[in-house]
Amino acid sequence: MARGRKPQPPELLQLAGSRHVPKRGRQKGRRGAGAATVPPRGAPNWLDAVGKAKWRELHALLTAHGVIDKTDTGLLARYCSTWSRWRAAMAAIREHGEVYSFTDKNGNLQWKRHHESRIASELLRALSDMEQQMGLTPMSRPRIPSNPIGESGSGPPKRNQGLQKYVGGDDEQ
């Protein structure tokens, strides 16, 4: 039985400047002063048109605000693929409805939930988890400060208003 908040990955803790980063997590895969590297621009070939459109939308935004780097492209690709599948499931639900009726062997009218409805619920749960990991929800955004690539300065990184406007939340901090 899990208790409390789900722990954040060490990479996100380090990005947020947390003092609770395990020593092993601080050194893992990072060279130099922890500078972010620019992820590849192109969407993976296996994404469909809807997934590629979501990739272009999020990749440009998250890269510009320093939220993702090369190591996060797998997560972004999974998010875009899941987004595309969720959109397809929602289109099927709009076309056929959430439930369907049938007559059982006794002649009674029965109602069942469409498979697409179950699939959409599972995909929505997966999207929500990935959005929290990437800082795309109002609750997870304060824990992930954005630091645009190329921006340097002393002190903790500032929250970027552009990311806030895209994903919602209050503009004051």
- Query: Somewhere in the stretch 59-69, is a residue within 14 Å of the chain's Cα centre (by Cα), polar (S, T, N, Q), assigned to a helix (DSSP H, G or I) and modelled with pLDDT under 90?
  - Reply: yes
- Message: Can you pull out every residue in the stretch 73-108 that is acidic (Asp, Glu) and touching a strand residue (DSSP E or B) at 6+ places or on another chain (Cβ under 8 Å)?
- Response: Glu98, Asp104
- Message: Give me the residue from the stretch 127-145 that is within 18 Å of Ser84 (Cβ to Cβ) and aliphatic (A, V, I, L, M) and, out of that set, surrounded by the most Cβ atoms within 10 Å (Cβ to Cβ).
- Response: Leu136
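Okay, residues lined up against (1) modelled with pLDDT of 80 or more; (2) of a type in the set (Gly, Ala, Ser); (3) not in a helix (DSSP H, G or I):
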{"site": "Arg78", "(1), (2), (3)": "yes, no, no"}
{"site": "Ala89", "(1), (2), (3)": "yes, yes, no"}
{"site": "Trp111", "(1), (2), (3)": "yes, no, yes"}
{"site": "Glu122", "(1), (2), (3)": "yes, no, no"}
{"site": "Met130", "(1), (2), (3)": "yes, no, no"}
{"site": "Thr137", "(1), (2), (3)": "yes, no, yes"}
{"site": "Lys158", "(1), (2), (3)": "no, no, yes"}
- Does the stretch 1-29 hold any residues that are exposed (fewer than 10 other Cβ atoms within 10 Å of the Cβ) and at pLDDT below 75, and which are they? Met1, Ala2, Lys23, Arg24, Gly29
- Just for the stretch 74-126: of the residues that are of a type in the set (S, T, N, Q) and crowded, with 17+ Cβ neighbours inside 10 Å, which one is nearest to Ala49 (Cα to Cα)? Ser84
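The values are calculated or read from the model by the stated rules, or taken from the named source; none is laboratory data. This one's a predicted model, so the numbers in the text were calculated from it and none came from an experiment. Cβ sites come from the backbone with ideal geometry, for glycine too, and all protein chains shown count toward neighbours.
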